[in-house]
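Here the structure is laid out as structure tokens; the discussion comes afterwards.
The values are calculated or read from the model by the stated rules, or taken from the named source; none is laboratory data. Source: prediction; values computed, not measured. All Cβ positions, even for glycine, are placed from backbone atoms using ideal geometry, and neighbour counts span all protein chains on display.
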Amino acid sequence: MPAAPVILNNTPPEFLATEREDRQAALADAPWIRTVPLAHPLHALVYAGLDEGEAAVLVLAEELNGIVVMDERKGRRYATRLGLPLTGSLGLLLLAKERGLLSSVEDAITQLVAAGLHLDGDLIAKVLRMAGESDPRT
């Protein structure tokens, strides 16, 4: 049985601020990204209070039976209520390390924070313990 697709919603605002043609070219040039249109784009309107991208992620996860990767609290609550498999950016980093695709979760977190992602210090400490990158007594 193939793994469920991972549906991401961590698009940096700077990416969305670029011209549409430039965004499309960047996505086309990234072999690890596959853009998928929604089969039922109007279903995204059901998710009141979410931005367009978050709502689309939930619809796509439902359509593809995928895993939602989302850090926004409101979107995570919707995903939980829908019973969708859910993780956040840090969970994705743990999975990448587990699969040998990432050598240091701490270095990746440092880069995310430097890029402007806001993460709770207690959550970071917990994830680093889970990754085996910190003293488990701290």
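Here is a yes/no grid of residues against (1) among the small types (Gly, Ala, Ser); (2) more than 30 Å from residue 128 (Cβ to Cβ); (3) touching a strand residue (DSSP E or B) at 6+ places or on another chain (Cβ under 9 Å):
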site: 26; (1), (2), (3): yes, yes, no
site: 49; (1), (2), (3): yes, yes, no
site: 52; (1), (2), (3): no, yes, no
site: 57; (1), (2), (3): no, no, yes
site: 69; (1), (2), (3): no, no, yes
site: 89; (1), (2), (3): yes, no, yes
site: 92; (1), (2), (3): no, no, yes
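Against the definition (touching a Gly at 6+ places or on another chain (Cβ under 7 Å) and either buried (at least 20 other Cβ atoms within 10 Å of the Cβ) or in a helix (DSSP H, G or I) (or both)), how does residue 69 come out, yes or no? Please lay out each step first, then the result.
Working: touching a Gly at 6+ places or on another chain (Cβ under 7 Å): yes; either buried (at least 20 other Cβ atoms within 10 Å of the Cβ) or in a helix (DSSP H, G or I) (or both): yes.
Taking the combined requirement at face value, the residue satisfies it.
Give the residue that is surrounded by the fewest Cβ atoms within 10 Å (Cβ to Cβ), with candidates limited to residues of segment 1-27 that are aliphatic (A, V, I, L, M) and modelled with pLDDT of 55 or more. So that I can check it myself, show each step before the final result.
Initial filter on segment 1-27 (aliphatic (A, V, I, L, M)): 1, 3-4, 6-8, 16-17, 25-27.
Next, from what is left, pick out any that are modelled with pLDDT of 55 or more: 16-17, 25-27.
Details: 16: 10, 17: 8, 25: 12, 26: 12, 27: 12.
Per the criteria, the residue is 17.
Here residue 61 passes the criteria (1) touching a helix residue (DSSP H, G or I) at 6+ places or on another chain (Cβ under 8 Å); (2) of a type in the set (Gly, Ala, Ser); (3) assigned to a loop (DSSP other than H, G, I, E, B) except the one numbered (3).
Pull up segment 111-126, narrow it to residues that are among the small types (Gly, Ala, Ser) and over 16 Å from residue 70 (Cα atoms), then point me to the one that is modelled with the lowest pLDDT.
Our first condition is that a residue be among the small types (Gly, Ala, Ser); within segment 111-126, this holds for 114-116, 121, 125.
Among the residues that remain, those that are also over 16 Å from residue 70 (Cα atoms) are: 114-115, 121, 125.
On the way: 114: 88, 115: 82, 121: 91, 125: 94.
So the residue we want is 115.
Of the residues 48, 55, 39, 30, the single one that is part of a helix (DSSP H, G or I) and either surrounded by 11 or more Cβ atoms within 10 Å (Cβ to Cβ) or free of Cβ contacts under 8 Å to residues at least 40 places away in the same chain (or both) is 55. Please tell me if residue 53 is on the phi > 0 side of the Ramachandran plot and modelled with pLDDT of 75 or more. Answer is no for this residue.
Taking every residue in segment 61-81 that is touching a residue at least 60 places away in the same chain (Cβ under 8 Å) and pairing it with any residue that is basic (Lys, Arg), at least 6 positions away or on another chain, the pairs with Cβ-Cβ distances below 6 Å are 70/76.
Of the residues making up segment 75-130, those that are exposed (fewer than 12 other Cβ atoms within 10 Å of the Cβ) and not in a helix (DSSP H, G or I) are 83, 99, 100, 101, 103, 115, 116, 118, 120. Conditions first: (1) outside the structural domain of residue 53 (by TED's automatic domain parsing); (2) without any contact (Cβ under 8 Å) to a residue 60 or more places away in the chain. Residue 115 passes all but one, so which condition is the exception? Among (1) outside the structural domain of residue 53 (by TED's automatic domain parsing); (2) without any contact (Cβ under 8 Å) to a residue 60 or more places away in the chain, residue 115 violates only (2).
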